[in-house]
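A.B. asks: Quick one: the structure is below, questions incoming.
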Amino acid sequence: MKPVHLVVLGLAVLAAPVIAQTQGATTKKLYCWDEGGRRVCGDALPTSAVNSARTEISKTGMPGAHIDRALTPEERAAQAAQQAQVQALADAAAAEARSNNALAESYESEDALRRAFNIRYELVDEGMKTSRLAIQNQRQALLQMLQAAADVEMKNGKVPARLAQNVMTQRASVVDAVESYRIQQQERVELDGKLEDALVRYRKAKGLDPATGQAPAAPPAPLEAQPPG
């Protein structure tokens, strides 16, 4: 049996260089790139072409990978900015979807959502009513102080500093009350927009038409081909 083993071993040793050469020829690549306006190819890639666009071709002639040129710092910065913008848009869309789903889960129907907003409307309306009464009282107090200051000035020719300061303080109170009422009016207007936005988001999450709140109409069934008469 030993001679057989020696023959097999000898054949393996003789075949090894052939196999190695075949594998080397198969794995070795040819590189092609542009240099000075002309196409250059070689089996080794020079340092000057490392950042250039190139195509790799095997010795058997099979096309390989195409590698683009290296980006400049400006191009890398622009690419990073674009990727960040795309990611920001994706994050915003995901956050909107989560918010819409949470809204849909919080209210069993549009009527329930409207009732919740009606409570907010009532609170704002009550606040505006209180502010109107406060403006009326503040203005009345200011008129009284102005009348008192006018009476003193007519008698003595000069308004006391304390009274003049009280008049200015009261006037500032009137201005603050008017500004508070203006803000409440703006909140009342914005509340209409918030309700409409909530309804649209609610309908989207429920798979309803955002404008009408109705289920989307089913597409018409395709007409069956009639057999020739």
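The values are calculated or read from the model by the stated rules, or taken from the named source; none is laboratory data. Fair warning: this is a prediction, and the values are worked out from it, not measured in the lab. Here Cβ is always computed from backbone atoms with ideal geometry, including for glycine, and neighbour counts include all displayed protein chains.
A.B. asks: Is there any pair linking a residue in the stretch 82-106 that is touching a residue at least 24 places away in the same chain (Cβ under 8 Å) to one that is among the small types (Gly, Ala, Ser) and surrounded by 10 or more Cβ atoms within 10 Å (Cβ to Cβ), with Cβ under 6 Å and at least six apart or on different chains, and which?
C.D. replies: Qualifying pairs under 6 Å: Asn100/Ala205; Asn101/Ala205; Ala104/Ala205.
A.B. asks: Next up: For residues in the stretch 64-80 being surrounded by fewer than 10 Cβ atoms within 10 Å (Cβ to Cβ) and modelled with pLDDT under 80, which is farthest from Leu30 (Cα to Cα)?
C.D. replies: The selected residue is Asp68.
A.B. asks: Could you check, for the stretch 139-156, whether at least one of its residues is under 29 Å from Ala93 (Cβ atoms), out of contact with any strand residue (DSSP E or B) (no Cβ under 6 Å at 6 or more places or on another chain) and not assigned by TED's automatic domain parsing to the domain that holds Ala97?
C.D. replies: No, because not a single residue in the stretch 139-156 is under 29 Å from Ala93 (Cβ atoms), out of contact with any strand residue (DSSP E or B) (no Cβ under 6 Å at 6 or more places or on another chain) and not assigned by TED's automatic domain parsing to the domain that holds Ala97.
A.B. asks: Answer yes or no: is there a residue in the stretch 133-141 that is in contact (Cβ under 8 Å) with a residue 40 or more places away in the chain and in a helix (DSSP H, G or I).
C.D. replies: For the stretch 133-141, residues in contact (Cβ under 8 Å) with a residue 40 or more places away in the chain and in a helix (DSSP H, G or I): present.
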